[in-house]
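Working notes, beginning with the structure itself.
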Amino acid sequence: MKGRLHPDADAEFADAVRYYSEIDPDLGVRFYREIERLIRDVCALPEHFRKFDPPLRRHISAEFPYALIYLEKPDHVWIVAVMHMKRRPGYWKERLG
């Protein structure tokens, strides 16, 4: 299954990569690879991860304080947020339409 990022989730991802890269370029690369791994995981097994705010699910990074919030659609996984775990809970709900 393919993954599609909400435009705001894509911007969050890019901002976080930039933030970690400014601290250390290798850290930015590690963050990018970790989020890409999470995206691959949810695309391969979208029903595997815990329901977070049904019908949404969440996949948490073990390396960074981030999680993917996503919704399984018939033909793709819609990634609603690349969410920092310590900031503004629920801010992404407005993206659900």
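No lab work stands behind these numbers, since they all come straight from the coordinates. All figures in this text were calculated on a predicted structure; none of them were measured in a lab. For neighbour counting, all protein chains shown are included, and Cβ atoms are generated from backbone atoms with ideal geometry for every residue, glycine included.
Quick look at the values:
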{"read-out": "Cα convex hull of the chain, projected area averaged across orientations, nm²", "value": "5.9"}
{"read-out": "Choice from ALA81, ALA16, ALA62 showing the highest fluctuation, given a GNM over the chain with Cα pairs closer than 10 Å", "value": "ALA62"}
{"read-out": "Chain lengthening between VAL29 and ALA44 when straightened (0.36 nm per residue, less Cα-Cα)", "value": "3.2 nm"}
{"read-out": "Relative counts (whole %) of C-alpha pair distances in the stretch 55-97, using bins that are 5 Å wide", "value": "5, 22, 33, 23, 12, 5, 1"}
{"read-out": "Dipole of the chain, positive direction: furthest Cα of ALA62, PRO25, LEU96, with charges on the beta-carbon", "value": "LEU96"}
{"read-out": "Cα Rg, Dmax, the stretch 31-84, angstrom units", "value": "10.2, 30"}
{"read-out": "Folded to 0 to 90 degrees: helix 25-44 orientation relative to the chain principal axis, Cα", "value": "10"}
{"read-out": "Contour excess over end-to-end distance, with Cα ends at ARG37 and SER21 and 0.36 nm allotted per residue", "value": "4.0 nm"}
{"read-out": "Between helix 7-23 and the chain: long-axis angle, C-alpha atoms, 0 to 90°, nearest 10", "value": "20"}
{"read-out": "Sequence-distant lysines (8 or more away, or on other chains) whose Cα lies within less than 23 Å of LYS2", "value": "LYS51, LYS73, LYS93"}
{"read-out": "Mean ellipticity per residue at 222 nm, deg cm²/dmol - from DSSP H runs of n ≥ 4 across the chain, formula -39500 (n - 2.57)", "value": "-13000 deg cm²/dmol"}
{"read-out": "Given 12 as the ceiling on other Cβ atoms within 10 Å, longest exposed-site-free region of the chain for trypsin sites (Lys or Arg not before Pro) in DSSP loops", "value": "1-49"}
{"read-out": "Compactness relative to 2.2 N^0.38 Å, alpha carbon Rg of the stretch 1-40", "value": "1.19"}
